[in-house]
Every structure is written in structure tokens, then in C-alpha cells.
1. Output the qualifying pairs, or none if there are none: Cβ atoms under 6 angstrom, residues six or more apart or on different chains, first residue in segment 38-49 and touching a residue at least 40 places away in the same chain (Cβ under 8 Å), second residue open to solvent by 20 Å² or more (accessible area, probe 1.4 Å) and of a type outside the set (D, E).
2. For segment 109-128, which residues satisfy the criterion of being open to solvent by 70 Å² or more (accessible area, probe 1.4 Å) and part of a helix (DSSP H, G or I)?
3. Which count do you get for residues in segment 63-86 that are in contact with a Lys or Arg (Cβ under 8 Å, 6 or more places away or on another chain) and loosely packed, with under 15 Cβ neighbours inside 10 Å?
4. Determine whether D60 is charged (D, E, K, R), more than 17 Å from N97 (Cβ to Cβ) and open to solvent by less than 60 Å² (accessible area, probe 1.4 Å).
Amino acid sequence: MRALKRIFPVVLIALSVAVAGCGGNDKGKPIPAATATALNTELNGVQARLDNGTAGACKDILEGSRGPNKDRVNQLIDSMPDNVDSDVRSALEDSFNNLWDLVQQECDDRQSKEDANKQQQDQPAETNTKQTTTPTDTTPTDTTPTDTTPTDTAPLPNDGNGDSGGGVPGNNGNGNGNGNGGGAGAGAELGGTP
């Protein structure tokens, strides 16, 4: 941008010299006043687009759908009468060509900055990607063994009072059984008499 600020005065000086007709009387006529005013208007337009600050407005100076300043300036210089001093015409062309080169550099810089900013905004915020794992408790659980004492699953003695002697002795509570079991004796038939 500094280079652009230095070139504007050069272009303005070239424009004012051309308008004043200080190029020498023998070489040709000065730039017509209407052309000088139009060129000055284009310079103001260039400055306004640069002041906008965006890469798009900057590019409109050189190329754009709303009438780039560069094309209009070139048309104005080309439309000057042939009797305009050739040194003045050449100084204007050189000054504006320097301006266009500097504008292109400025536009490229702005575009690069805008692209970098956009790329930075488009990227998701960096998150901590370290996975933290909570260790699982691997302490063995306290298992109390269940009581594996065998239970008495023998059939209960028959409490009948039969006297056939084939029964299982009963339990009288003191470990001495009396043999009045009511079971069926050997050789006795069920449901019948012996």
C-alpha cells in the first residue's frame, strides 16, 4: 500500500504537467482539459476502491463488471488527439502502467490474506484429541464360598405302626430307634394280606 501512495503523486504530477502544457511548444499540444479531468476522476475512483479494503474492490480496479478503472484510463489515453505531446502521452502511460502493477500486487496481497483468514475460519477449532481412558477396576471381587455341606436327601422313614418288621426303624430323638416301623415286610403284598 505504501508503494501505491508513492505512485499516486507521480501520476498526479504527470497529469498536472500534461494539463499545464509544460511539455514544450514545439513537440505538441497538452492533454485536453476534459481528458485530464476524466483521468483525475479515474484516479479518485482507484483510491476509493483501494480504501474499501477488500480484495474484490481492489480487483475491480483492474478487471470487473462495473467498469474497471484500468480500461477507462487506457481508453482515455488512447482517445487523446494525435497532436498531444508524445512525451506527455508516454509519461502518462508509464505512470498508469506502474500504478496498475502496484495495484495488482496489492490485490494479490489482499486476496492472500482473505484466503488465509477464510481458511482459518473454515477449520474447526483445534480440540484436544488425546483420549483419556479411565482404568477399569480390576480388583477381584470377594466371593464368599457357599456352604457346600451335603444335605441329607435320604427318604424319610415311614411312620406307620405296622408290625411287619420290614420297616426302617424310627427315630426317637436319642439315637435309639425302636423297631415299630410300618413298612411293608418282605413277601408282603401291597394292598393285600400277608
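1. So the pair list comes out as L39/L76.
2. As a first pass, look at segment 109-128 and keep what is open to solvent by 70 Å² or more (accessible area, probe 1.4 Å): 109, 112-115, 117-128.
Once the filter is applied, which keeps residues that are open to solvent by 70 Å² or more (accessible area, probe 1.4 Å) and part of a helix (DSSP H, G or I), segment 109-128 yields D109, S112, K113, E114, D115, N117, K118, Q119, Q120, Q121, D122.
3. Looking only at segment 63-86, we keep the residues that are in contact with a Lys or Arg (Cβ under 8 Å, 6 or more places away or on another chain), and these are 63, 69, 77, 80-81, 83-86.
Next, only the ones that are loosely packed, with under 15 Cβ neighbours inside 10 Å stay: 63, 81, 83, 86.
The qualifying residues number 4.
4. Numbers: charged (D, E, K, R): yes; more than 17 Å from N97 (Cβ to Cβ): yes; open to solvent by less than 60 Å² (accessible area, probe 1.4 Å): yes.
For D60, the condition - charged (D, E, K, R), more than 17 Å from N97 (Cβ to Cβ) and open to solvent by less than 60 Å² (accessible area, probe 1.4 Å) - is met.
The values are calculated or read from the model by the stated rules, or taken from the named source; none is laboratory data. Every value quoted in this text rests on a predicted model; they were computed, and no experiment measured them. For neighbour counting, all protein chains shown are included, and Cβ atoms are generated from backbone atoms with ideal geometry for every residue, glycine included. Keep in mind that these areas ignore ligands, DNA and RNA; they rest on the heavy atoms of the full protein, side chains included. Shrake-Rupley method; radii C 1.70, N 1.55, O 1.52, S 1.80 Å.
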